[in-house]
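Visitor: My questions all concern the structure below.
Nothing in this text is a laboratory measurement; each read-out follows from the coordinates by a stated rule. This one's a predicted model, so the numbers in the text were calculated from it and none came from an experiment. Cβ sites come from the backbone with ideal geometry, for glycine too, and all protein chains shown count toward neighbours.
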Amino acid sequence: MCKTSTPSVPSQKERRPSRASARISKSGSKMQREEERDEDEIVCLGESFFIDRDYQLTTFNFGPHVLNLLCLHSASTDYDLTGQIVWPGAVLLNNYLSQNAEILEERSVIELGSGVGITGILCSRFCHKVVLTDHNEEVLEILKKNIELQSSSRNLSCGDNAGIPLLFETVESILRFRSGQCTFILAYVSRAKVMDVMVIDEAVHHGMDVKEVKDTRSIISNLEGVIFEITLKQTSEL
């Protein structure tokens with residue numbers, strides 16, 4: 001004779017977890033949810049996130065020499081990136097060099113800690129060869145941009161001393177082709193005293209009359225500009 005065993009049913013007391021175990025379970029699930037939420041809120045930021053790249057194109061004047069450079073106007077919180085700004089010491093040195101340019105003539109210069117390049121780029125106006133250096137990759141990046149900025153400016157033929165004679169040769173040919181019945185209007189912005197003199201001298205050399213247009217002299221981006229009307233001198237004037 002077989003007996004069939006009936007599964008026992010736990011009493012209500014046995015089925016109900018103790019208050020202590022319920023509290024632990026509830027506390028554990030809450031901690032798990034908080035950990036999951038914390039993981040969702042974690043954002044990994046690269047080192048470059050904290051680097052200030054709000055560079056501004058700034059004009060610096062050292063005697064007759066004008067430099068346009070990208071730089072920050074306030075120091076970075078990272079002491080290692082102070083090369084992103086122009087320090088007073090660099091301005092002091094540049095003023096001295098611009099007043100004593102003869103000490104750099106026919107020389108080669110290497111600058112240690114060039115930063116944005118303000119001193120090395122000024123030196124390139126006077127000497128044979130310049131090497132600019134810095135140890136920080138971020139500073140080297142803005143230094144390269146400033147060097148490229150100078151190179152692009154020099155590629156403008158009218159901005160080079162060597163391009164001025166070519167400019168006036170072309171102007172003279174056009175004016176003579178039109179039998180002197182036209183006017184060359186020149187918007188001139190002074191970047192260096194030597195060029196101010198050279199422009200007028202070259203025009204006179206090509207038999208031209210230069211007249212400054214009244215009330216056109218003004219300051220443009222910290223530089224003085226003026227409008228000239230240039231015509232061929234009449235035969236009786238030559």
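Visitor: Can you tell me which of 55-68, 214-227 comes out highest on packing, and rank the rest after it, using the mean Cβ neighbours within 10 Å?
Guide: The peptides rank, most packed first, as 55-68, 214-227.
Visitor: May I pose another question? Using the per-residue mean of other Cβ atoms lying within 10 Å as a proxy for protection, in what order, highest first, do the peptides 100-106, 185-191 fall?
Guide: 185-191, 100-106
Visitor: Then there's this: Any chance you could list P(r) for the range 49-155, counting all Cα-Cα pairs in 10 angstrom bins from zero, rounded to whole %?
Guide: Values per bin, smallest distances first: 15, 49, 30, 6, 0.
Visitor: Add +1 for every Lys or Arg and -1 for every Asp or Glu among the other residues with Cβ under 15 Å from the Cβ of R217, and state the total.
Guide: Once positives and negatives cancel, what remains is -3.
Visitor: Let me ask you something else. I want the local charge near I227. Using Cβ-Cβ distances under 13 Å, sum +1 for each Lys or Arg and -1 for each Asp or Glu among the other residues.
Guide: Overall, the nearby charge balance is -1.
Visitor: How many angstrom separate the Cα center of the range 98-152 from the Cα center of the range 160-214?
Guide: Spelled out, the Cα-based centre of one part sits 32 Å from the other.
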